[in-house]
Amino acid sequence: MTFINYAAREINCKIVYYGPGLCGKTTNLQYIYDRTNPAAKGKLISLATETDRTLFFDFLPLDLGTVRGFKTRFHLYTVPGQVFYDASRKLILKGVDGVVFVADSQEARMDANIESLQNLEKNLAEHGFDLPNVPYVLQLNKRDLPTAMPADELYRQLNFKGEPTFEATAPSGQGVFDTLKAVAKQVLMELRKK
Amino acid sequence: MSDFVLFDEEFHQIKDVIGRLKADAQAKVVFIVDKNGQQIAAMGDMDSLDTTSLASLTAGNVAATDGLARLIGEKEFPVLFHEGERDNVYISIVGQRVILVVIFDERSSLGLVRLRVRKANAELERVFETIQKKVESEKVRRQEGFDSPFAEITDEDIDSLFRE
């Protein structure tokens, strides 16, 4: 749900990074945070356990610039990936404008990817969203690992509507900004339809 | 789900109400966020505060508490109170949609804040109802051919946001 503030001439949009545990959602945000001009970003907040696993969410506010005289602000969130945090994941999807699904390229994590994707669809439906109609980007992360499956195989199994798909290695930043740009673009294009 | 749109007129009404609340409750800061974590308006000494983070964490806090409420068969917990050594935070839900947050210290008291919030809450509820109605009628106007400022967004506009 985009928040359009005519008084402050701002558009605020919410993007959620979803995916199985340890797939690199937080690393995506960390990289964006590290590489963004300090004037354009707020604090990166991580509600994590002592072992740095996301407990509730990570949050990063970003100012992208001005479109048609309106300041565009994107609020990036990650969800906790571990299966048993489902109640928290559901809460974070509230009012989402766009979703990035971060898949783990390793063969051993394929079942976890599929389970998480199904979980995304179910949780979106509970908020009244239909996954095929939500601005959505697929990121195939961890491409640098020797155990990574071929990208076309992952694409076949995980891409379900021809959504923009990017190969990524989040710690080094490969594919991170391409992913963000693709989802932001879809979200802003949605505004045109409204 | 419909977008949340805030127009000038209501923005000023909201600022009036929370400005008065801040004075009447002798609070340090009063702000309003929507349940998705977007800040709507704020009054008080904001210089030392990261209001964007506050907004997002407040919404997360309310969302988690709402989840707890439903688990035990309650609809919601309309009021949350956090007591600190110096500062306290009083959070209440307005019209099931937005969150009113009051930060206060020893110059005020929980009783006073609670009393003043109740009055402000009712006023804010009316303003947000008006906004809802306006958004609905705006939608009708658009269906009748009124163009929103975003109707003309081009690929070029969006690409320019990502230029280094």
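Each reported figure results from applying straightforward, stated rules to the coordinates on display, with no laboratory input. Because the structure is a prediction, the values reported are computed rather than measured. All Cβ positions, glycine included, derive from the backbone under ideal geometry; neighbour counts span all protein chains shown.
To the nearest 500 deg cm²/dmol, what mean residue ellipticity at 222 nm is calculated for chain A from DSSP H runs of n ≥ 4 alone, each contributing -39,500 (n - 2.57), summed and divided by the residues?
Details: 5 runs with 61 residues, N = 194.
It lands at -10000 deg cm²/dmol.
Under a cut-off of 21 Å between alpha-carbon atoms, report the lysines in cross-link reach of A:Lys90, not counting same-chain residues fewer than 8 places apart.
A:Lys14, A:Lys25, A:Lys122, B:Lys35, B:Lys75
Specify which residue in the list B:Asn88, B:Ser109, B:Gln38 is farthest towards the positive end of the charge dipole of region B:8-161, using unit charges on the beta carbon of Lys, Arg (+1) and Asp, Glu (-1), about the Cα centre.
Value computed over the given set: B:Ser109.
Express in whole angstrom the spacing between the alpha-carbon centres of region B:60-120 and region B:1-22.
One Cα centre to the other: 19 Å.
Name all residues of region B:47-62 having a backbone nitrogen under 15 Å from the label point set 7 Å from the Cα of A:His127 along its Cα→Cβ direction, giving them as ranges.
Once the point is set 7 Å along Cα→Cβ of A:His127, B:56-57, B:59-62 turn out to lie under 15 Å by backbone N, inside region B:47-62.
For region B:59-152, state which trypsin sites (Lys or Arg not before Pro) are in a DSSP loop and have at most 10 other beta carbons lying within 10 Å of their beta carbon.
Details: sites: B:Arg70, B:Lys75, B:Arg86, B:Arg97, B:Arg107, B:Arg114, B:Arg116, B:Arg118, B:Lys119, B:Arg126, B:Lys133, B:Lys134, B:Lys139, B:Arg141, B:Arg142; in loops: B:Lys75, B:Arg86, B:Arg97, B:Arg107.
Here the sparse-neighbourhood loop sites are B:Lys75, B:Arg86, B:Arg107.
Within region B:80-142, list the GluC sites (Glu not before Pro) lying in a DSSP loop whose Cβ has at most 15 other Cβ atoms in a 10 Å radius.
Passing sites in region B:80-142 are B:Glu85, B:Glu106.
Give me a comma-separated list of calculated 3J(HN,Hα) values for region A:54-59, in order, Karplus coefficients 6.51, -1.76, 1.60 applied at θ = phi - 60°, integers in Hz, x for any Gly or Pro.
In residue order, the calculated couplings are 5, 9, 10, 6, 10, 9 Hz.
Any idea what the relative contact order of chain B is, in percent, if you count C-alpha pairs under 8 Å spaced at least 6 apart? Provide the component values of the computation, followed by the final result.
Numbers: 187 pairs, mean separation 38.0, N = 164.
With pairs under 8 Å counted, the relative contact order is 23 percent.
Once you keep just the Cα pairs under 8 angstrom separated by 6 or more residues, what percentage relative contact order results for region A:1-144? Please list the in-between numbers first.
On the way: 267 pairs, mean separation 41.8, N = 144.
Averaging sequence separation for qualifying contacts and normalising by length gives 29 percent for region A:1-144.
Please rank B:Ser109, B:Ser137, fewest neighbouring Cβ atoms within 10 Å first, as an exposure proxy.
On the way: B:Ser109 13, B:Ser137 10.
Least crowded to most crowded, the residues run B:Ser137, B:Ser109.
Return the whole-Å distance between the Cα centroid of region A:143-160 and the Cα centroid of region A:44-69.
Here the answer is 27 Å between Cα centres.
On a straight-distance basis, which aspartates and glutamates could pair with B:Lys139 in a cross-link, Cα separation under 14 angstrom, same-chain partners fewer than 8 positions away excluded?
B:Asp3, B:Asp147
So for B:Asp34, A:Asp97, fewest C-beta neighbours within 10 Å to most, what's the order? Write down the numbers at each step before the final one.
Working: B:Asp34 21, A:Asp97 27.
Fewest-to-most Cβ neighbours within 10 Å comes out as B:Asp34, A:Asp97.
Listing B:Asp66, B:Asp47 from the residue with the fewest other Cβ atoms within 10 Å to the one with the most, what is the order? Don't skip to the end; give the middle numbers.
On the way: B:Asp66 19, B:Asp47 5.
Final ranking by Cβ density, sparse to dense: B:Asp47, B:Asp66.
Set the Förster distance to 41 Å, then compute FRET efficiency between A:Asp111 and B:Leu49 from the Cβ-Cβ distance, nearest 0.05. List each step's numbers first, then the result.
Working: r = 44 Å, r/R0 = 1.08.
Rounded to the nearest 0.05, the efficiency is 0.40.
Just the number, please: percent antiparallel of the DSSP beta bridges in the protein assembly as shown, rounded to the nearest 5. Each step should come with its number before you reach the end.
Numbers: 41 of 65 bridges.
About 65 percent, rounded to the nearest 5.
Of A:Gln118, A:Tyr85, A:Leu180, whose Cα points farthest to the positive end of the dipole of region A:49-194 (charges on the beta-carbon: +1 Lys, Arg; -1 Asp, Glu; origin at the Cα centre)?
Going by the Cα projections, it comes out as A:Leu180.
What share of the DSSP beta bridges in region A:3-91 is antiparallel, in percent to the nearest 5? If you can, show how the numbers build up before the last one.
Details: 16 of 24 bridges.
Taking every DSSP beta bridge within region A:3-91, about 65 percent pair in antiparallel fashion.
Once you list every other residue whose beta carbon is under 9 Å from the beta carbon of A:Ala151, what net charge do they have if Lys and Arg are +1 and Asp and Glu are -1?
Details: positive: A:Arg143; negative: A:Asp152, A:Glu153, A:Glu167.
Net local charge, A:Ala151 excluded: -2.
Mind listing the long-range amide H neighbours of A:Lys41? Cut-off is under 5 Å, sequence gap 5 or more, other chains count too, H placed in the peptide plane at 1.01 Å from N.
For A:Lys41, whose amide H was placed from the backbone, the distant partners under 5 Å are A:Asp63.
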